[in-house]
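Working notes for the structure below.
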Amino acid sequence: MNALEIIKIGSNLLKEKKIRSHILDSELLLSKALNKSREEILINLNKELSNNNILTFKKYLKRRSKDEPIAYILGEKEFWSKKFDVSRHTLIPRPETELLVEKLYLIFKGKKISILDIGTGSGCIILSLLSILKQSVGVGIDISRKAIFIARKNAIKHKLLNRIKFFNRSFENIFAVKFDLVVSNPPYIDRKKIKNLSNDIKKFEPIMALDGGNDGLDLIKKVIYKAKYILKINGILALEIGNEQDKKVSKILIDNNFRIKHVIKDYKNNIRCLIAKLK
């Protein structure tokens, strides 16, 4: 059986499971099974595959057919034109979060700043920022020890470990130092709505990275409250938030001595991020 035939088998199975990206996913799974680039496979579609290759592909295909996200099977996700290791202990980076990185880069371009990333997960936000803010340094914290392990791996992969420190701790333990920028993509899903999420999210992504409490705002409130004590004067707080949370979060920010500076909409025109300055 050649590569084209096995890709078609995989694609048809995933299509039956109503996975929209069935062709691409089948190609990526074969790429993983053969340990070759997708491009290399596509220019050698007539190449015969070994039985071991086919068995490995079918193992990956079975996982994907059960809704496991392709990023977890591949063990990586592209973000900000870089590949980040991910696991089931880290949230999968989303394209809309790149919009936040882009805006923060424009705000701090050419400056030397200190950054705190609360709930760093894979480290994709802070490491992307450090890769373009060449003089800056940062700290990433997460309550998941296994997430911190992945974030540190990514810092090593992208040669940034000398400019960042990671801590397995809660942000509620206030730092002695203060930061120019606090950034966070905290859990913001209303606990009652988690059951309505798609299977690939609710069955596989870490619940602690999703569950924002009874109104989705529990962690957001805590981040805002603590941020005012660990930001320098005129420091910036950047938050990713859930759908239709912008008015409530804006009020919480204003009540805690912040001024809204920027609002970022995602690709579906929902307000996804708020950037505020400490007065």
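The values are calculated or read from the model by the stated rules, or taken from the named source; none is laboratory data. This one's a predicted model, so the numbers in the text were calculated from it and none came from an experiment. A quick note on method: Cβ atoms are made from the backbone with ideal geometry, for glycine too, and the neighbour counts reach across all protein chains shown.
Test of understanding: among 15, 32, 36, which residue is in a helix (DSSP H, G or I), within 15 Å of residue 74 (Cα to Cα) and not assigned by TED's automatic domain parsing to the domain that holds residue 83? I'd like the intermediate steps shown before the answer.
Working: 15 fails: within 15 Å of residue 74 (Cα to Cα); 36 fails: in a helix (DSSP H, G or I).
Matching residue, one of 15, 32, 36: 32.
Take residue 128 and tell me if it is surrounded by 19 or more Cβ atoms within 10 Å (Cβ to Cβ) and over 18 Å from the mean Cα position of the chain (by Cα).
Values: surrounded by 19 or more Cβ atoms within 10 Å (Cβ to Cβ): yes; over 18 Å from the mean Cα position of the chain (by Cα): no.
Taking the combined requirement at face value, the residue does not satisfy it.
Residue count for the range 86-96 satisfying the condition of being surrounded by fewer than 21 Cβ atoms within 10 Å (Cβ to Cβ) and under 17 Å from residue 129 (Cα atoms): 3. State which residue is farthest from residue 99 (Cα to Cα) when the search covers only the range 170-189 and only residues that are buried (at least 18 other Cβ atoms within 10 Å of the Cβ) and without any contact (Cβ under 8 Å) to a residue 60 or more places away in the chain. For the range 170-189, the residue satisfying everything is 171.
Looking at residue 167, is it touching a strand residue (DSSP E or B) at 6+ places or on another chain (Cβ under 6 Å) and without any contact (Cβ under 8 Å) to a residue 40 or more places away in the chain? Explain how you work it out, then say what you get.
Numbers: touching a strand residue (DSSP E or B) at 6+ places or on another chain (Cβ under 6 Å): yes; without any contact (Cβ under 8 Å) to a residue 40 or more places away in the chain: yes.
Yes.
Of the residues making up the range 234-262, those that are within 23 Å of the chain's Cα centre (by Cα) and more than 21 Å from residue 212 (Cα to Cα) are 236, 262.
Taking the range 70-108 as the region of interest, how many residues are touching a His at 6+ places or on another chain (Cβ under 7 Å) and not in a helix (DSSP H, G or I)?
Number of matching residues: 1.
Against the list (1) over 23 Å from residue 101 (Cα atoms); (2) within 19 Å of the chain's Cα centre (by Cα), the condition residue 192 fails is (2).
What residue, among those in the range 187-222 that are out of contact with any helix residue (DSSP H, G or I) (no Cβ under 7 Å at 6 or more places or on another chain) and aliphatic (A, V, I, L, M), is nearest to residue 252 (Cα to Cα)? Of everything passing the filter in the range 187-222, 219 is nearest to residue 252 (Cα to Cα).
Would you confirm whether any residue within the range 188-204 is in a strand (DSSP E or B), more than 23 Å from residue 136 (Cβ to Cβ) and touching a Leu at 6+ places or on another chain (Cβ under 9 Å)? Yes: the range 188-204 contains one or more residues that are in a strand (DSSP E or B), more than 23 Å from residue 136 (Cβ to Cβ) and touching a Leu at 6+ places or on another chain (Cβ under 9 Å).
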